[in-house]
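What follows draws every value from the coordinates through simple rules; no lab data is involved. These numbers come from a predicted model, not from an experiment. Glycine gets a Cβ as well: all are built from the backbone with ideal geometry, and neighbour counts include every protein chain shown.
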Amino acid sequence: MTPQAAWLAELRRLILLIAAALAIGWLLGGPWALLSAALIVLAIRWLWQMRRLLHWLQEPAIEPPEALGFWGEMYDRLYQLQRKARERENELRSRLDYLQDSLSSMHDGAVMVTAGGSIEWSNHAAQRLLGLRYPADRGQALLNLVRLPAFHRYYIAGAFDDPLQLRMQGEYEQTLQFAITPFGNGDRLVFVRDITREAHLEQMRRDFVGNVSHELRTPLTVIKGYLDTILANAEHLEGRFQRPLEQMSQQTQRMENLLKDLLWLSRLESVRTHARREQIDVAGLLQELVDELRTLYPERALALQLDTGATIPGDYRELHSAVSNLILNAFKYSQHDSLVTVSWRQADGELLLAVEDEGIGIDALHIPRLTERFYRVDDSRASATGGTGLGLAIVKHVAAGHRAELRIASLLGKGSTFTLVFQR
Ligand code: ADP
């Protein structure tokens, strides 16, 4: 029966009852009294049904009461709604269990933290890696249980674009990587991974590059020394050896530059720059650097614009090397008579150190990959300019060590601007 039909049947029954009460009452000589009596009986019946309904709603687990017509229909409908809600609840619960099971069995640690900073849930790996207990630690403040100052700073700073790596000194050395994802209403999901093996391999790679570069330096210095001596006495040489020897000398120079850059890069990678900071007078540094380069390259037009005297915490040698790489690139990739401008200014709460040229420019396609080691837009041009392919990798590392961003803007045929953006 449809709800409409059940309702109509109930209405029909009511009209019939009223009509019958009036007819019988009329025959008996008191239609209104009988109608009132009939309506009172009806009201009592409805009240009784409502009481049954309320009682059942309080104990929905039991079967609904039996009833005919309209009330029966109402019980059926409510029962169906209730069954559907229960099915949905079960389905949601099993999905939640499934999700928690999968997070629980994850190799990486996962901790759900409320907006107030207390632990809501953690999986087995998090318990193993961070020494948490679950459910015993539920409701405890995460920062009270994970007592790592660097993690505290990372957690409170709220900048989670990059994960945090921490080397733990304990019974045995361990490197952990933390990543935090905010979700919901200020809640956070903290992931922690044991990357000891990866960190060890990375360290070995760095050491290897550093050691190889270091070891290659001595034989190269000897070769270069002999070549220089031979070339200095070129008049005693047979003519046919002159050019090959000159090329050998050029290539050894290139190799020497390469080794120098590789060693510098591996030093930048291994030394914790944040640890040894001094306030750097950037304007002074740029003035000094520009003066040096004007002496070395008197034919080049190099302008310097200093609009702020702001200082930044950093490392003088590193900043010097980064900016000189940028200026030398600007020289390499532009015409000899074009202008290169170095500037230091402040805008929108940021400090900008920019090197701008009017050179060949870079196709937007290459920009995202420029800071990769040995990445070159045009190999033939690069070997002609004598670049090592490591300059921008060095700049990127120095920027990262100073919590600065390297922005590159360029237009093919018009020129490029490389900007180091420091936060105030
Ligand atoms: P390289 O030693 O080859 O110059 P870098 O790492 O310094 O290596 O630069 C990578 C590449 O980026 C260069 O080979 C060049 O193609 C491009 N590049 C860098 N600076 C500029 C610039 N100012 N103008 C145009 N291209 C540039």
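Just to confirm a number: summing +1 for Lys and Arg and -1 for Asp and Glu over residues other than residue 10 whose beta-carbon lies under 15 angstrom from that of residue 10, what do you get?
Net charge around residue 10: +2.
Between the stretch 68-102 and the stretch 161-178, how far is it from one alpha carbon centroid to the other, in angstrom?
47
Which of 316, 79, 134 moves most in a GNM of the chain, Cα contacts under 10 Å?
Checking each option, the largest mean-square fluctuation is seen for 79.
What percent does the relative contact order of the chain come to when contacts are Cα pairs within less than 8 Å and at least six residues apart?
9
Which lysines does residue 414 reach when only Cα atoms under 25 Å apart count, and residues fewer than 8 places away in its own chain are ignored?
Candidates past the 8-residue exclusion: 332, 396.
Please give the residues of the stretch 52-71, grouped as numeric ranges, whose backbone N is less than 18 Å from a label point set 7 Å along the Cα-to-Cβ vector of residue 14.
Backbone N within reach: 68-71.
Return the loop-located GluC sites (Glu not before Pro) in the stretch 269-337 (DSSP other than H, G, I, E, B) with at most 11 other Cβ atoms within 10 Å of their own Cβ; answer none if there are none.
Those satisfying the criteria are 299.
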